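First comes the structure, then the notes that go with it.
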Amino acid sequence: MSEVEREVMEYDVVIVGAGPSGLSAAIRLKQFDVDLEVVVLEKGSEVGAHILSGAVLDPKGLTRLIPDWKERGAPVNVAVKEDNFFVLGEAGKIRIPNWFMPPLMNNHGNYIVSMGNVCRWLAEQAEELGVEIFPGMACSELVFGDTGEVRGVVAGEFGKNPDGTLSDGYEPGMELHGKYVFLSEGVRGSLSKQVLAKYDLAKSTDVPKFGLGMKEIWEVSPEKHNEGEVTHTMGWPLGFKNSGGSFVYHLDNNQVYVGYIVDLNYKNPHLSPYMEFQRFKHHPKIAELLEGGKRIAYGARAVTKGGLQSIPKAAFPGGALLGCSLGLVNLPRIKGNHNAMHSGIEAAEAAYKAIKDGRASDVLHEYDTALRAGPVGRDLEKVRNVAPLAGRYGPLGGLAFGGFDMWFQTIFGFSLFGTLKHGKTDAQSTEEASKHDLIVYPKPDGKLSFDRLTNVSFSMTNHEESQPAHLQLNDANIPVLVNFPKYAEPAQRYCPAGVYEIVEEEGKDARFVVNFQNCVHCKTCDIKDPSQNITWVTPQGGDGPNYPNM
């Protein structure tokens, strides 16, 4: 227990994070028993404020949760009607025929959506069932019971000084206890990291792997808009040594989602994922679409790509990990929201049965089993080797071997490769700067491409400056004494929000500056820092980006 005295509220289930997995769990629990006390705590200023996803939604998870979602008015309206995949060169393109792609890659029956708006709608459904949802309530601590189990969380703590001491306006927040606590924080959640370490949940699994996804919403000329079109690309500008690719989705109202994902296993510390994204928009195919249009929103978020072999144990004493806290994205499909919903449903079913049987604060082994044996496990089984193959043979080799593996499993039901390992973490993949050439990126033109700080203003990000920095350095000397001379301090480039910089002034030692006010909560620094010296924790509630329709 914390030494600060706090009010305690008791619930049956406490859920951290109002994303698709957390809200699905809350709804399912209430569908089972309307009298269950369920609370959802969301760090964003409102539900959906911190949700960023592509997104082409496979509706299977939503249909399982709410079969009549169409009749209920879910914001899932733009059906995919055209599906394209291109390999780009600097000025040209080659289309990969749809028949060449494995059947699981087909987007027929899927929808282009704003997951922020889908989550807002899910929150309405949850509240109608009696779920309590508290936005602006960042969960800063775990509360443990007498035998080391997770008993609850601390939420709503405000008013610490920059040095961590308590200000005159300090508010201690409250402890919310539950028979079970679900952590649905998304990628690299701070409480999830603690739970993974405390209970050694990943000891029998492969290393986690990630990409950095960046996204802009554009309003384009009506004559260039093609509602329902889905396009993915690989190749230029990243080339064929680094993995990643783009997505361009035409939704309604002449709006287009333009995004780029850079896998964080790249070796060259001079690489800037953000600038690769900005370069991409100057490809003739993309420039033609965007010219005359305007960018209306920007955001960034880490994406899980480890797959089946990287999923840790999903249940721990007193609770469970859900959604991207586990890493349930199907990499080649670039889809994880349906699996997040499935995970919430599975966790809710296990918790309901346990509570009904008089259990509390134990390990929900049933959830972990159901997750791996059910829709999530089946979805990830066929694609488990795509990321390792791309890591070994590069994007083109990964495309060829990964495609073969998916086709072979579709036809014969097993893989000739077995289950491949990832090897190094993304942080360990970073090599010394002296081994690589400097990358000089074109200056953004302010029309198709933009500097980071200008784009961050389109994420509506805000952090109260008087609070402690939520980007914590384990050792304040490492950036200047280790990362700068050895890796040219890559934090200056891997961060898509311009948070980190090395300041060199004449006659003074170099300084590492953390502009935490710019942070869009992508978590890339927590993942990619070669010294693993940066830890992302939650700022006070409500702070961060305020995404409208991401």
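Taken over the stretch 306-334, the criterion of being open to solvent by 10 Å² or more (accessible area, probe 1.4 Å) and more than 19 Å from LEU201 (Cβ to Cβ) is satisfied by LEU331, PRO332, ARG333, ILE334.
Of all residues in the stretch 32-82, those being touching a strand residue (DSSP E or B) at 6+ places or on another chain (Cβ under 8 Å), basic (Lys, Arg) and within 27 Å of ASP12 (Cβ to Cβ) number 1.
Only residues that are out of contact with any helix residue (DSSP H, G or I) (no Cβ under 7 Å at 6 or more places or on another chain), open to solvent by less than 20 Å² (accessible area, probe 1.4 Å) and of a type outside the set (A, V, I, L, M, F, W, C) were counted in the stretch 240-265, giving 6. Filtered by the rule that a residue be over 13 Å from THR233 (Cα atoms), among the charged types (D, E, K, R) and part of a loop (DSSP other than H, G, I, E, B), the stretch 77-98 gives a lone residue, LYS81. If the condition is being open to solvent by 40 Å² or more (accessible area, probe 1.4 Å) and in contact with a strand residue (DSSP E or B) (Cβ under 8 Å, 6 or more places away or on another chain), then the stretch 288-300 contributes LYS294, ILE296.
When the stretch 283-336 is filtered for residues that are at pLDDT below 95, out of contact with any helix residue (DSSP H, G or I) (no Cβ under 6 Å at 6 or more places or on another chain) and not β-branched (Val, Ile, Thr), only ARG333 remains. Residues satisfying the criterion are present in the stretch 369-381 (criterion: within 22 Å of the chain's Cα centre (by Cα), open to solvent by less than 40 Å² (accessible area, probe 1.4 Å) and closer than 15 Å to MET105 by Cβ).
Quick check on the stretch 192-200. Is at least one of its residues open to solvent by less than 60 Å² (accessible area, probe 1.4 Å), part of a loop (DSSP other than H, G, I, E, B), at pLDDT 95 or above and out of contact with any strand residue (DSSP E or B) (no Cβ under 6 Å at 6 or more places or on another chain)? No, there is no match, as no residue in the stretch 192-200 is open to solvent by less than 60 Å² (accessible area, probe 1.4 Å), part of a loop (DSSP other than H, G, I, E, B), at pLDDT 95 or above and out of contact with any strand residue (DSSP E or B) (no Cβ under 6 Å at 6 or more places or on another chain).
Yes/no matrix, rows are residues, columns are (1) at pLDDT 95 or above; (2) under 26 Å from ARG28 (Cβ atoms); (3) open to solvent by 30 Å² or more (accessible area, probe 1.4 Å):
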| site | (1), (2), (3) |
| --- | --- |
| ILE112 | yes, yes, no |
| VAL118 | yes, yes, no |
| GLU132 | yes, yes, yes |
| GLY136 | yes, yes, no |
| ASP146 | yes, no, yes |
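For the stretch 341-366, enumerate the residues that are open to solvent by 10 Å² or more (accessible area, probe 1.4 Å) and more than 20 Å from SER325 (Cα to Cα). Selection gives TYR352, LYS353, ILE355, LYS356, ASP357, GLY358, ARG359, ALA360.
Restricting the first member to the stretch 536-550 and to residues that are closer than 13 Å to THR461 by Cβ, and the second to residues that are part of a loop (DSSP other than H, G, I, E, B) and β-branched (Val, Ile, Thr), the beta-carbon pairs closer than 8 Å and six or more apart or on different chains are GLY544/THR461; GLY544/VAL520; PRO545/THR461; PRO545/VAL520; ASN546/THR461; TYR547/ILE51; MET550/ILE51.
One line per residue, one yes/no per condition, for (1) open to solvent by 50 Å² or more (accessible area, probe 1.4 Å); (2) in a helix (DSSP H, G or I); (3) in contact (Cβ under 8 Å) with a residue 40 or more places away in the chain:
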position: MET9; (1), (2), (3): yes, no, yes
position: ASP12; (1), (2), (3): no, no, yes
position: SER21; (1), (2), (3): no, yes, yes
position: ILE27; (1), (2), (3): no, yes, yes
position: HIS50; (1), (2), (3): no, no, yes
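Working carefully through the options ASP58, ASP35, find the one that is open to solvent by less than 10 Å² (accessible area, probe 1.4 Å) and either without any contact (Cβ under 8 Å) to a residue 12 or more places away in the chain or of a type in the set (D, E, K, R) (or both).
ASP58
Go through PHE414, PHE408, PHE404 for me and flag whichever is assigned to a loop (DSSP other than H, G, I, E, B), aromatic (Phe, Trp, Tyr) and surrounded by fewer than 20 Cβ atoms within 10 Å (Cβ to Cβ). On inspection, the qualifying residue turns out to be PHE414.
Just give me the residues in the stretch 281-305 being under 15 Å from GLY213 (Cβ atoms) and either among the small types (Gly, Ala, Ser) or in contact with a Gly (Cβ under 9 Å, 6 or more places away or on another chain) (or both), in sequence order. Scanning the stretch 281-305 gives ALA297, GLY299, ALA300, ARG301, ALA302, VAL303, THR304, LYS305.
Return yes or no: is GLU489 modelled with pLDDT of 95 or more, touching a strand residue (DSSP E or B) at 6+ places or on another chain (Cβ under 6 Å) and open to solvent by 40 Å² or more (accessible area, probe 1.4 Å)? For GLU489, the condition - modelled with pLDDT of 95 or more, touching a strand residue (DSSP E or B) at 6+ places or on another chain (Cβ under 6 Å) and open to solvent by 40 Å² or more (accessible area, probe 1.4 Å) - is not met. Reported count of residues in the stretch 248-261, each being more than 16 Å from the chain's Cα centre (by Cα) and on the phi < 0 side of the Ramachandran plot, is 9.
Let's see how each residue does on (1) over 13 Å from the mean Cα position of the chain (by Cα); (2) of a type outside the set (Lys, Arg):
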position: SER272; (1), (2): yes, yes
position: GLN278; (1), (2): yes, yes
position: ARG301; (1), (2): no, no
position: LYS305; (1), (2): no, no
position: ALA315; (1), (2): yes, yes
position: GLY323; (1), (2): no, yes
position: PRO332; (1), (2): yes, yes
position: HIS342; (1), (2): yes, yes
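Within the stretch 210-226, being buried (at least 19 other Cβ atoms within 10 Å of the Cβ) and either of a type in the set (Asp, Glu) or in a strand (DSSP E or B) (or both) holds for PHE210, GLY211, LEU212, GLY213, MET214, LYS215, GLU216, ILE217, TRP218. When the stretch 81-103 is filtered for residues that are open to solvent by less than 40 Å² (accessible area, probe 1.4 Å) and within 19 Å of PRO395 (Cβ to Cβ), the ones remaining, listed by number, are ASN84, PHE85, PHE86, VAL87, LEU88, GLY89, GLY92, ILE96, MET101, PRO102.
The values are calculated or read from the model by the stated rules, or taken from the named source; none is laboratory data. Worth saying up front: this structure is predicted, and the values here are computed from it rather than measured. In this analysis, Cβ positions are derived from the backbone assuming ideal geometry, glycine residues included, and neighbour counts consider all displayed protein chains. Side chains included, ligands, DNA and RNA excluded: accessible areas come from the protein's heavy atoms. Shrake-Rupley method; radii C 1.70, N 1.55, O 1.52, S 1.80 Å.
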